[in-house]
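So the structure is just underneath, and the comments pick up after that.
The values are calculated or read from the model by the stated rules, or taken from the named source; none is laboratory data. Every value quoted in this text rests on a predicted model; they were computed, and no experiment measured them. All Cβ positions, even for glycine, are placed from backbone atoms using ideal geometry, and neighbour counts span all protein chains on display. Ligands, DNA and RNA are excluded from the accessible area calculation, which covers all protein heavy atoms including side chains. Shrake-Rupley method; radii C 1.70, N 1.55, O 1.52, S 1.80 Å.
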Amino acid sequence: GGGGGGARARLGGGGRKVVSVGRQFQESLDSLMGMLHTCSPHFVRCIKPNHHLAPDDFDGAYVMRQLQQMGMVHVVKARKQGFAHRYDFDTFIARYGYLREGVECDAAKLAPYLQTYLGSASPPAGTKTET
């Protein structure tokens, strides 16, 4: 008899390995992150019209608070300023490159327009500018 238990006691009895709740959570999170990295997820944000979820009862202050807390007000302001979509350079050229065919682009002549409309006469450091 002895009662020391040895390796079996350390493994939770019966030779089974005990998995902690934290470890289960980590494995679940790793699995979820793996799935997210294999796709292009889009999120639907649900807004409740009122505290009671009653039909035909729109509480504007309650809705606005939800929009502010989830950052949607900031997103709308950014999109109104022209930041709706950001394409990487290759995607942008693939989509709009035909517009520059046959057009001579002289950086010195374009600089005043770029400064006026984009706030800078030259792209940020490290930005790809050639196809």
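Among residues of segment 81-101 that are among the hydroxyl-bearing types (Ser, Thr, Tyr), those with a Cβ under 9 angstrom from a residue that is open to solvent by 100 Å² or more (accessible area, probe 1.4 Å), sequence gap 6+ or separate chain, pair up as Tyr87/Arg95.
Cβ-Cβ distances below 9 Å connect the following pairs, each with a first residue in segment 12-37 that is among the basic types (Lys, Arg), a second residue that is at pLDDT below 80 and surrounded by 10 or more Cβ atoms within 10 Å (Cβ to Cβ), and a separation of six or more residues or different chains: Lys17/Leu11.
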